[in-house]
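Heads up: the structure comes next, in structure tokens.
Coordinate-derived values only; no laboratory data. Remember, predicted model here, so these are calculated numbers, not experimental data. Cβ placement follows ideal geometry from the backbone for every residue including glycine, while neighbour counts extend to all protein chains displayed.
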Amino acid sequence: MNLGFQEDQAAFESASQTARVTTEGWAARELYCPACGDDALAAYPNNKPVADLFCKSCNEDYELKSQKTRIGAKVLDGAWATMLQRLTSASNPSLFVMRYHAEVRAVRDLIVVPKHFFTPDLIEKRKPLAPTAWRAGWVGCNILVGRVPPLGRIDIVREGQIVDRAEVVNRWRRTSFLREKRPDTRGWLIETMAQIEMLGRKEFTIDDAYGFAPALSALYPENSHVREKIRQQLQFLRDHGWLEFVGRGRYRLIKR
């Protein structure tokens, strides 16, 4: 993978349009598919409303967002209503977020967030545009990538260093079973997984898991049966090979 942009890339009057064309051109030329590991991605025609890139082998769709600043808590996206509709659609794309160096003309950081980590909680509604704006009343949204747990933010390029492709694909596949859950019910499972990983241990007990209750109750205050819900998530994770039950109330995190 060459992290540099092509020098003969056409320039536009708009700096943002130039950046979009340059970064999308780089992605179509240099990126592989993190879902299946295929060597190349293809670009969709301009102005496709859902995605920018796709994999011809596994049909995974991707949206690319690029910026000059470090990847932070929020990424600017399109129409809020459209984004909420996309969450329940099979065509909802996974998300690439890129930081590039404008002077050096190269990629500095690149992460991918698989679409199975997207839940309604990650979509922040922005204020409507002012009545004097060209699209008065239009409502956009932000994607709260800072709320995606670490297991859902997969590094492809980190501080100008390319992460091994096998590691990227393996990290993607470890959580692909989340697609079996609807977006509106996936949040509990994702948050439970994040709490388990934050323990920093390969094995933990059911009492450790019950210790997640205050954090999960704060996120889901309408649920009054938090312990039961935690046990339900552990059972699902065990059945799908992410956890192993080793007996006597102990679980082991399976690294694949």
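Before moving on, here are some points about what is shown:
- Segment 111-242, relative contact order [Cα under 8 Å, separation at least 6], %: 22 percent
- Cβ-to-Cβ counts within 10 Å put 1, 83 in ascending order as 1, 83, the fewest first.
- Segment 183-253, relative contact order [Cα under 8 Å, separation at least 6], %: 36 percent
- Rounded to the nearest 20 debye, dipole of the chain from Cβ charges on Lys, Arg, Asp, Glu: 600 debye
- On the basis of the beta-carbon distance and an R0 of 25 Å, residue 164 and residue 38 show a calculated FRET efficiency of 0.95.
- Extension reserve of the residue 220-residue 57 stretch, reckoned as 0.36 nm per residue once the Cα distance is removed: 54.9 nm
- Calculated FRET value between residue 88 and residue 46, using beta carbons and R₀ = 41 Å, to 0.05: 0.95
- Centre-to-centre separation between the Cα atoms of segment 157-183 and those of segment 194-256: 21 Å.
- Debye intensity ratio in log₁₀ form over the Cα atoms of segment 15-172, taken at each q of 0.14 Å⁻¹: -0.71
- Highest average packing first - 137-147, 114-124, Cβ atoms within 10 Å: 114-124, 137-147
- Inter-probe distance in nm under a simple model that places probes 7 Å from Cα toward Cβ, at residue 125 and residue 240: 2.9 nm
- Measuring against 29 Å, Cα to Cα, the residue pairs 115/255; 125/202; 56/125 contain 125/202; 56/125 as the ones spanning a longer distance.
- Taking all Cα pairs closer than 8 Å and separated by 6 or more residues, the relative contact order of segment 15-172 comes to 20 percent.
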